[in-house]
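Participant: Here's a structure for you.
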Amino acid sequence: MSYATGNHHDGTKPYAILRSRFERDLTAAVDPAAPWPERVVAAIRAALRSADADPPAAHRLTLPVAGRRSDDLASFTAMVDDLAAKLCRDAPAVPSPERTARNLVLRVARQVLLHLETQPEEPVTAIAPDLIVFALTPYVGLVAARRLADRPDEIS
């Protein structure tokens, strides 16, 4: 049974299981010793690969950003806050760092959801360059963000 739609046999809530699997994917893909911008790129690419690998799970994880699943809203908010806190660590200075990071995480989630719902035939990884530029520009500027986004995904 898919965790995206059913309950786990031990009573674990499906959203918690999906979140845990998603976070493991990110942790495995991000080298903590890499420079901050490269960690962000790796995390975005890993998140999108995860969405491609299991679109129903990605849909379930991101659906609360559209306000359509109130029963998962608290779990979604906690995930966003955790990801935003990780984004803030070692980040270049920006005005309102916590708000900036949280808004970026929410926007990335929204774009993933929109892509899953409007272009299901196209891999979610196709939007990686745009999301990388969007996420990094406030921190490193547009030119550096584009340079990082244009690098090929090293993990296949």
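Laboratory data are not the source of any read-out in this text; all were calculated from the coordinates shown. As the structure is a computational prediction, the values presented were derived from the model and not from experiment. Because the Cβ atoms are built from the backbone with ideal geometry, glycine has one as well, and the counts that use them run over all protein chains shown.
Participant: Which of 52, 71, 81 ends up with the largest GNM mean-square fluctuation for the chain, with Cα atoms connected below 10 Å?
Facilitator: Comparing 52, 71, 81 in the GNM, the peak value goes to 71.
Participant: Right, next: If R₀ is 35 angstrom, what is the calculated FRET efficiency for the pair residue 121 and residue 73, using the beta carbon separation as r and rounding to 0.05?
Facilitator: That gives a FRET efficiency of 0.75.
Participant: State the extension gain, in nm to one decimal, for the chain segment bounded by residue 98 and residue 20, taking 0.36 nm per residue of separation less the distance between their alpha-carbons.
Facilitator: Once the chain is fully extended between residue 98 and residue 20, it gains 25.8 nm.
Participant: Now, a different point. Taking the Cα centre as origin and putting +1 on Lys and Arg beta-carbons and -1 on Asp and Glu beta-carbons, what dipole magnitude results for the stretch 49-124, to the nearest 20 debye?
Facilitator: 260
Participant: For a quick check, take a GNM of the chain with Cα springs below 10 Å and name the residue from 39, 24, 60 with the largest mean-square fluctuation.
Facilitator: Residue with maximal mean-square fluctuation among 39, 24, 60: 24.
Participant: At 0.36 nm per residue, and after removing the present C-alpha to C-alpha distance, how many nm does the segment from residue 85 to residue 31 gain when stretched out fully?
Facilitator: The residue 85-residue 31 span can extend by a further 17.7 nm.
Participant: For residue 91, what charge total do you get from the other residues with a beta carbon under 14 Å from its beta carbon, if Lys and Arg give +1 and Asp and Glu give -1?
Facilitator: +2
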